[in-house]
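Just so it is clear, none of the values below were taken in a lab; they were calculated from the coordinates. No experiment lies behind these values; they were computed from the predicted model shown. Glycine gets a Cβ as well: all are built from the backbone with ideal geometry, and neighbour counts include every protein chain shown.
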Amino acid sequence: MEQEIGPAVLDNPELGPLVRRAAKLLAKQAEGTLLPARARWDLGQDERNRPVVRVEVSDETGSVNASFSPVELSDEAKARDELIWLWGDMLQVRSDRLMDQLLLSVLAEGETLTIGDTRIKVVKVGPGQVKLGIETGPG
C-alpha cells in the first residue's frame with residue numbers, strides 16, 4: 001500500500017509516531033489485495049478546533065475516509081479496530097464497483113438478471129451511458 005503522510009503530521013512530535021504506527025497497522029490490513037490502494041494522512045481539526053488526523057484510503061474504484069483524535073491513535077488496540085473497519089469499508093466500495101462493472105459487461109441494455117426477489121436491469125441514462133437499476137420484492 002502506498003502511503004503519504006503530510007508534513008504537518010510528520011513534524012508533530014505527538015502525532016508523527018502515532019500516525020506512522022497507524023500507517024503500519026493499515027498496511028497490514030491491505031496485505032495481499034489484488035488492486036493497489038493508497039492512503040493519505042493529513043492534520044485537520046474537528047468541530048471544536050481540536051487537532052485530528054484525517055486519513056483517506058482510495059483506489060481506482062473509490063475512496064473512504066476517517067478522522068482520529070490523538071487519544072484514539074494512542075490506544076493501539078482501538079486504532080487497529082477502527083482501521084480494520086475503515087479497510088472493510090474500502091473493500092465494500094471496491095466490491096460494489098467491481099460488481100457493477102461485471103454486471104454491466106454481461107448484461108445488455110434492457111436485460112434483467114433476477115436473483116431471488118432482486119431484479120437487476122441495465123438502464124440507459126444518456127447517450128452511451130447506462131447504469132444498473134435494482135428492484136427488490138415480488139415481481
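Listed residues 56, 47, 72, 4; which is closer than 21 Å to residue 94 by Cβ, more than 13 Å from the chain's Cα centre (by Cα) and without any contact (Cβ under 8 Å) to a residue 60 or more places away in the chain?
Sole residue among the options that is closer than 21 Å to residue 94 by Cβ, more than 13 Å from the chain's Cα centre (by Cα) and without any contact (Cβ under 8 Å) to a residue 60 or more places away in the chain: 4.
Tell me whether region 19-32 contains one or more residues that are over 30 Å from residue 131 (Cβ atoms), surrounded by 15 or more Cβ atoms within 10 Å (Cβ to Cβ) and β-branched (Val, Ile, Thr).
yes
Run down 118, 136, 61, 112 and say which single residue is touching a helix residue (DSSP H, G or I) at 6+ places or on another chain (Cβ under 7 Å) and of a type in the set (S, T, N, Q).
61 is the lone residue from the list that is touching a helix residue (DSSP H, G or I) at 6+ places or on another chain (Cβ under 7 Å) and of a type in the set (S, T, N, Q).
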